[in-house]
Amino acid sequence: MTGFTLPVALVPLLWLSSRCEDSRRGWWEAFRWALLVFVVWNAATVWWIWNATPVGPFAATLASSFLNMLAFMLYHTVSKKGPKALACTLLVAGWIATEYWYTAGEFSWPWLILGNGFSHDVWAVQWYEYTGVFGGSLWVLLCNILIFETIRARSAARWTAAAGVLLAPPLLSLGMWLSWEQPDEGTIRVSAIQPNVGCYSKFDGDDTWQERNLAELLAEVPEGVDFILMPETSVPGHYWEPALSDRFEGQREGRFWRELTDSLRTSHPEAMLVAGASTLRHYAPGSQPRTAYRPYADGYYDVFNSAVGLDSAGRMQLHHKGRLVIGVENTPTVLFDILRFLVIDLGGVVGQLGIGQHGTAFAHAGTTVGPAICYEGLYGDFFGDFVRRGAEAMFIISNDGWWGDTPGYKHLFTISRLRAIEHRRAVVRSANTGRSGFISARGDIGPTLGWEERGVVTDSVPLNSGTTFYTRYGDYLGRISEYLMLLCVLYYIAYRIKKKNHLVQ
């Protein structure tokens, strides 16, 4: 509902840490309290993964709690034996560094970054265009530390400082929110299709019925639109690149792609269709990447979760998903069969998929757009890659039905509001089922389709060619925090050695 519990959420745990005695027994007492807090928080937040795989919440909670514990227990250890300022700096740097590891590593889980908690309070975090969500984490941590230290000191002056840090960013943001104006660089007309197909029957069901369902919805798109969106992997089947043929050596696009092209030529000749599909790429022996482990026709092939841009002339553009879902889409080949029971179903297709290297922008009729796929919408810096490559508006195609009618798909939609603010790009989202819709560059929600609604939603989308500070420099706060965390640890080690040597003398 809101992120405004976060600025005080760690205060009880900081208080418990301060009450633990400076001993091995006290360290383990703090460890137990912290473990309880972080496990409960993680489990209570991501329980909905259970709907896709019962092991998912346990795996996510284990990994996320470990990183939370790493940052907090470093703080606790230093706070008992080192300078207070060093301990507080280590808590902030360590926490943000471990959050950054969520996004930078091959196995990543960026869902519970503290800054994401304000996705329902976009009026308060307009300054994310300078800092990204790690700026939100920094603010939260500073508020918790200052409020805790103020309670301990019982000082009126400290209350003034704590209140200033707590209130200044939201008030500044409110001013930005009220005064921000969309640049006048024109608009495009976009239709987002929501086919409402069961996420499991989608891959195991009747392909012919799914094709007819998409064709019927395409016929409902109003005239004059510039772009039409279909969800992630909405086109059933697998297609060989580059022509997206039904057959390995085919020189023409597959039958259904030809049908889509004909439909565009007849009803929407000026529009580009952006649709999700599973595509295949063949490699000669010795030239395949590590993900292409499947042998075929004297070589190997990769399976990509792709976005396809198709116009009425049959021209195609491709973007391969570059941020894969942990476990279900991204599992080392050697480990996949052994660890299959641990996969976390968050959408997409199962197995080690090919990995796109960057965000690919689609150009059409003088406009450039970014076709992000599902999980890519959780990564602010990667999302910005589309913008750095010229995207004037952003699309997200997704398949959120894996988790059922739970907070999962709702939160994935609202996190897209933060991406809009970070890069000041309007976002259009097309999901297999709820929630599809429009988000302004200020983070405001426009027309949407809800859970299990089938249909088409259409609106005008403003364009922007400018870049924000965050777009240009990405997750710089995460990178700085890594170095600061290392320096704090090294300083603490030197401090302890010097202190022991002084006692010996």
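The values are calculated or read from the model by the stated rules, or taken from the named source; none is laboratory data. Quick caveat, the model's predicted, so the values are computed rather than measured. With ideal geometry, Cβ positions are generated from the backbone for all residues, glycine too; neighbour counts draw on all protein chains shown. Accessible surface areas use protein heavy atoms only, side chains included; no ligands, DNA or RNA. Shrake-Rupley method; radii C 1.70, N 1.55, O 1.52, S 1.80 Å.
This table checks each residue for (1) within 24 Å of Thr433 (Cα to Cα); (2) at pLDDT below 90.
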{"position": "Gly224", "(1), (2)": "no, no"}
{"position": "Thr233", "(1), (2)": "yes, no"}
{"position": "His238", "(1), (2)": "yes, no"}
{"position": "Glu241", "(1), (2)": "no, no"}
{"position": "Gln251", "(1), (2)": "no, yes"}
{"position": "Arg258", "(1), (2)": "no, no"}
{"position": "Arg281", "(1), (2)": "no, no"}
{"position": "Gln288", "(1), (2)": "no, yes"}
{"position": "Thr291", "(1), (2)": "no, yes"}
Could you check, for the stretch 192-202, whether at least one of its residues is part of a helix (DSSP H, G or I) and either at pLDDT below 95 or of a type in the set (Lys, Arg) (or both)?
yes
Return a yes/no flag: does the stretch 228-246 have any residue that is open to solvent by 40 Å² or more (accessible area, probe 1.4 Å) and more than 31 Å from the chain's Cα centre (by Cα).
yes
Inspect the stretch 265-284 for any residue being open to solvent by 50 Å² or more (accessible area, probe 1.4 Å), in contact with a helix residue (DSSP H, G or I) (Cβ under 9 Å, 6 or more places away or on another chain), without any contact (Cβ under 8 Å) to a residue 60 or more places away in the chain and more than 23 Å from Thr367 (Cβ to Cβ) and give the result as yes or no.
no
Do any strands (runs of 3 or more DSSP E) lying entirely in the stretch 405-464 carry at least 1 residues that are buried (at least 24 other Cβ atoms within 10 Å of the Cβ), and which ones are they?
427-431, 436-439, 455-462
Quick one: is Val40 open to solvent by 10 Å² or more (accessible area, probe 1.4 Å) and either farther than 26 Å from Asn330 by Cα or in contact with a Gly (Cβ under 9 Å, 6 or more places away or on another chain) (or both)?
yes
Only residues that are out of contact with any Gly (no Cβ under 6 Å at 6 or more places or on another chain) and part of a loop (DSSP other than H, G, I, E, B): list them for the stretch 12-37, please.
Glu21, Asp22, Ser23
Among residues of the stretch 297-322 being among the aliphatic types (A, V, I, L, M) and open to solvent by less than 10 Å² (accessible area, probe 1.4 Å), the residue nearest to Asn399 (Cα to Cα) is Ala307
If you scan the stretch 51-108, which residues turn out to be within 17 Å of Leu324 (Cα to Cα), of a type in the set (A, V, I, L, M, F, W, C) and modelled with pLDDT of 85 or more?
Trp101
Could you tell me whether Thr61 is open to solvent by 50 Å² or more (accessible area, probe 1.4 Å) and touching a helix residue (DSSP H, G or I) at 6+ places or on another chain (Cβ under 6 Å)?
no
